[in-house]
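In what follows, a single structure is set out as C-alpha cells and then discussed.
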Amino acid sequence: MERLLHYVWKYKLYSPTGLVTTDGLPVSVIDPGIQNTDAGPDFFNAKVKIGETLWAGSVEIHDKASDWLRHNHDKDKAYDAVVLHLVGVNDAGICRTNNEPIPQACLPVPEHVRKNIDWLLRQDLAIPCFHTIREIPPIQLSSWMEALLSERLERKTKDIFLLLDQYGNDWNEVFYILLSRCFGFGINNDAFERLARSLPFRYIQKQRNSSSQVESLLFGQAGMLDEEGNCHYYRLLQQEYKFLKHKFSLAPLDQSVFKSLRVRPASFPHVKLAQLAAIWYRYDTLFSLILEEKDIEQTKKLLQVLPSDYWETHYHFKYASPQKEKRLGFNALNILLINAVVPILFAYGQKNKQDEYCERAISLLERIPPEGNNIISTFSKAGIHVSHAGDTQALIQLKREYCEKKKCLYCRIGFRLLKRV
C-alpha cells in the first residue's frame, strides 16, 4: 500500500481538490519534490500550500500515521524538515522532535488506480499486462524500450567496473573473464567465470607459444584432465598441466561444476573450452583489437578461431565425432557480441568518457538480429515487435527487473495502464 501512495503522490494521480489535512485545511501541491531512495524523508524539496501558508521542505509517506511513531521519526532530527505527512490511514497524531505538530493528510487513491494496480499485480502471467500491452501507443513503447536498453547497459557496466576494481583496472583481464563467462552459453556461465577467475590471464599469456599448453591450462584447471586415458593427446595435456600446475601453484576446479546433461554435443563444455583456448592462443591482447575493429563482420572473425586439429574428430575426450570443424556458429557469435563485446565497449566509453565507444556498442546491437528465447517469444505473442538485439535486450530488462519483480508501479507501461479510467 505504501508503495502505491508514493506512486500516487509522485505522479499526482489524486484529485487536485481532494487533498485536505486532518485539521480541515486544503492542500495545494506546487511541487511533489524529489523522491529519496536513501535514508531520510521520502521526498525532498517539496512545495505545498496548506491553507494560506506556503511550505517548502520534505514529505514523508506511510501506510498508517502510527508508523511515524513506530519508526521513531519523532526522535529523529532528520525528519524535522517534514512539512507534510501523507498517510493511507489516520490513526495517530505526529510531531517533530520539539513536539511541534506536523500537518497530516490522508492521500486519496482514485478507485480506478486501485483497481488497475490490483488487476496488474494479481495476474498469474509471465507478463502481467500480457493482454493489454497492445494498448500502449508505439511511440511511447519505443521510448520506454530505449530507456530499458540504457538501464541494461548501465547494469552491465557496473558489473564491469566492479571487476576493474578487483583486477587493478586491467581491461585485458576483465575482458578475459567476461568472454570466458559468455562461452558458458547460459547453462555453464558461472562455471566458465569461476574457471577464468581461478586461472589468471597472465599465465595463459606466458604459454601462448604452445597451443597444447594453453589447452592444458584451461582443461586442467577445469578438472577435465584428472582421469586415466589411452589417448595420446589427452596424456600430453595431462603432462603439460602437471608441470604448469606446479609452476603456477594452481588449484583446479572440480569437473562436476560443468554441465553436459541435455546439452547438444556441439555445445559440450569441452568443445567450448577448445574454442576459447584457440582464441587465447591466437591473440595476446584481443581487447585492443576489439577496440580498434569497427566492422561487425571482422569483429566476428576475431572470435571465430578454429580449435586444434584434435577437436575436428572429438566432442569430448571420451567421445569421437565425425570429422567436422568445430567453428562457432552464427547464433553463438551473436551471443558473444551481445554479452561480451557490446558491454565492454560501452563500459570502456563510460569509464574514459569517450562517447564513440558507447555509440558503437549501441550500433552493434542495432545490427544484430533479435535474440530467440522464451522471454522474447512471450513478448512477441503479446504483440511487441522486435527489430534487432537492442530491442530484445530491452525486453529482457523489462521482464527481469519489472515483470518478474511485480514492479508495475515503476514501469511506464504499468503507468499508462494505471491511469486508465
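The values are calculated or read from the model by the stated rules, or taken from the named source; none is laboratory data. A quick note: this is a predicted structure, and the numbers were derived from the prediction, not measured. Positions of Cβ are backbone-derived with ideal geometry, glycine not excepted, and every protein chain shown enters the neighbour counts.
Results for (1) crowded, with 19+ Cβ neighbours inside 10 Å; (2) among the aliphatic types (A, V, I, L, M); (3) outside any loop (DSSP other than H, G, I, E, B); (4) touching a residue at least 12 places away in the same chain (Cβ under 8 Å), shown as yes or no for each residue.
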{"position": "Glu356", "(1), (2), (3), (4)": "no, no, yes, no"}
{"position": "Glu359", "(1), (2), (3), (4)": "no, no, yes, no"}
{"position": "Ile368", "(1), (2), (3), (4)": "yes, yes, no, yes"}
{"position": "Thr378", "(1), (2), (3), (4)": "no, no, yes, yes"}
{"position": "Ile384", "(1), (2), (3), (4)": "yes, yes, no, yes"}
{"position": "Gly390", "(1), (2), (3), (4)": "yes, no, yes, yes"}
{"position": "Gln397", "(1), (2), (3), (4)": "yes, no, yes, yes"}
{"position": "Ile413", "(1), (2), (3), (4)": "yes, yes, yes, yes"}
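Pairs linking a residue in region 59-77 that is in the same structural domain as Pro32 (by TED's automatic domain parsing) to a residue that is of a type in the set (Ser, Thr, Tyr) and surrounded by fewer than 16 Cβ atoms within 10 Å (Cβ to Cβ), with Cβ atoms under 7 Å and 6 or more positions apart or on different chains, are Asp74/Thr97; Lys75/Thr97; Lys77/Thr97.
Among residues belonging to region 12-55 that are out of contact with any strand residue (DSSP E or B) (no Cβ under 9 Å at 6 or more places or on another chain) and of a type in the set (D, E, K, R), point out the one that is farthest from Leu84 (Cα to Cα). Of everything passing the filter in region 12-55, Asp38 is farthest from Leu84 (Cα to Cα). Within region 87-106, does at least one residue satisfy the condition of being assigned by TED's automatic domain parsing to the domain that holds Cys403, part of a loop (DSSP other than H, G, I, E, B) and among the acidic types (Asp, Glu)? So far as region 87-106 goes, no, none of its residues is assigned by TED's automatic domain parsing to the domain that holds Cys403, part of a loop (DSSP other than H, G, I, E, B) and among the acidic types (Asp, Glu). The residues of region 30-55 that are on the phi > 0 side of the Ramachandran plot and part of a loop (DSSP other than H, G, I, E, B), listed by number, are Gly33, Gly40, Gly51. Of the residues making up region 314-344, those that are in a loop (DSSP other than H, G, I, E, B) and surrounded by fewer than 20 Cβ atoms within 10 Å (Cβ to Cβ) are His316, Phe317, Lys318, Tyr319, Ser321, Pro322, Gln323, Lys324, Glu325, Arg327, Gly329.
Within 24 Å of Leu409 (Cβ to Cβ) and either in a loop (DSSP other than H, G, I, E, B) or aromatic (Phe, Trp, Tyr) (or both): which single residue out of Ser58, Ser15 fits that description?
Details: Ser58 fails: either in a loop (DSSP other than H, G, I, E, B) or aromatic (Phe, Trp, Tyr) (or both).
Within the list Ser58, Ser15, the selection yields Ser15.
Is there any pair with a first residue in region 173-194 that is among the β-branched types (Val, Ile, Thr) and a second that is not in a helix (DSSP H, G or I) whose Cβ atoms are under 7 Å apart and which are 6 or more apart or on different chains, and what are they? Listed by first residue and then by second, the contacts come to Val174/Tyr167; Ile187/Lys259; Ile187/Val263. The listed residues are Leu86, Leu148, Leu153, and the only one of them that is touching a Leu at 6+ places or on another chain (Cβ under 6 Å), touching a residue at least 24 places away in the same chain (Cβ under 8 Å) and under 21 Å from Val342 (Cβ atoms) turns out to be Leu148.
Can you name the residue in region 64-99 that is within 37 Å of the chain's Cα centre (by Cα) and of a type in the set (Gly, Ala, Ser) and is also surrounded by the fewest Cβ atoms within 10 Å (Cβ to Cβ) among such residues? Once the filter is applied, the top-ranked residue is Ala78.
Here's the yes/no breakdown for (1) in the same structural domain as Tyr233 (by TED's automatic domain parsing); (2) basic (Lys, Arg):
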position	(1), (2)
Thr299	yes, no
Lys318	yes, yes
Ser321	yes, no
Leu333	no, no
Val342	no, no
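Taken over region 264-292, the residue count meeting the criterion of being farther than 30 Å from Arg360 by Cα and either crowded, with 18+ Cβ neighbours inside 10 Å or polar (S, T, N, Q) (or both) is 4.
Looking only at region 100-148, residues that are buried (at least 17 other Cβ atoms within 10 Å of the Cβ) and of a type in the set (Gly, Ala, Ser) come to 1 in all.
Please find, within region 293-313, the residue that is surrounded by the most Cβ atoms within 10 Å (Cβ to Cβ) out of those that are polar (S, T, N, Q) and out of contact with any strand residue (DSSP E or B) (no Cβ under 7 Å at 6 or more places or on another chain).
Looking only at region 293-313, we keep the residues that are polar (S, T, N, Q), and these are 298-299, 304, 308, 313.
Of the ones still in play, those that are also out of contact with any strand residue (DSSP E or B) (no Cβ under 7 Å at 6 or more places or on another chain) are 298-299, 304, 308.
Values: Gln298: 11, Thr299: 20, Gln304: 17, Ser308: 16.
Applying the filter and picking the extreme gives Thr299.
Looking at the structure I just gave you, is Gln298 of a type in the set (S, T, N, Q) and in contact with a Phe, Trp or Tyr (Cβ under 9 Å, 6 or more places away or on another chain)? No: the conditions fail for Gln298.
Take Asn72 and tell me if it is touching a helix residue (DSSP H, G or I) at 6+ places or on another chain (Cβ under 9 Å) and among the polar types (S, T, N, Q).
Details: touching a helix residue (DSSP H, G or I) at 6+ places or on another chain (Cβ under 9 Å): no; among the polar types (S, T, N, Q): yes.
Here the answer is no, as Asn72 does not meet what is asked.
Summed over region 402-411, the residues that are surrounded by fewer than 21 Cβ atoms within 10 Å (Cβ to Cβ) and either modelled with pLDDT of 95 or more or more than 18 Å from Ser150 (Cβ to Cβ) (or both) give a count of 4.
Is it the case, given these coordinates, that Gln275 is within 25 Å of Ala191 (Cβ to Cβ), of a type in the set (S, T, N, Q) and without any contact (Cβ under 8 Å) to a residue 40 or more places away in the chain?
When the stated conditions are applied, Gln275 does not pass them.
Being of a type in the set (A, V, I, L, M, F, W, C), closer than 30 Å to Trp68 by Cα and part of a helix (DSSP H, G or I) narrows it down to one residue among Val174, Val113, Val109; which is it? Just one listed residue meets the conditions, Val113.
Would a scan of region 213-221 turn up a residue that is more than 18 Å from Tyr310 (Cα to Cα), of a type outside the set (Lys, Arg) and assigned by TED's automatic domain parsing to the domain that holds Val263? It would help to see each step written out before you state the result.
Residues of region 213-221 more than 18 Å from Tyr310 (Cα to Cα): 221.
With the extra rule that they be of a type outside the set (Lys, Arg), the set shrinks to 221.
If we keep only those that are assigned by TED's automatic domain parsing to the domain that holds Val263 as well, we get 221.
Scanning region 213-221, I find at least one residue that is more than 18 Å from Tyr310 (Cα to Cα), of a type outside the set (Lys, Arg) and assigned by TED's automatic domain parsing to the domain that holds Val263, so the answer is yes.
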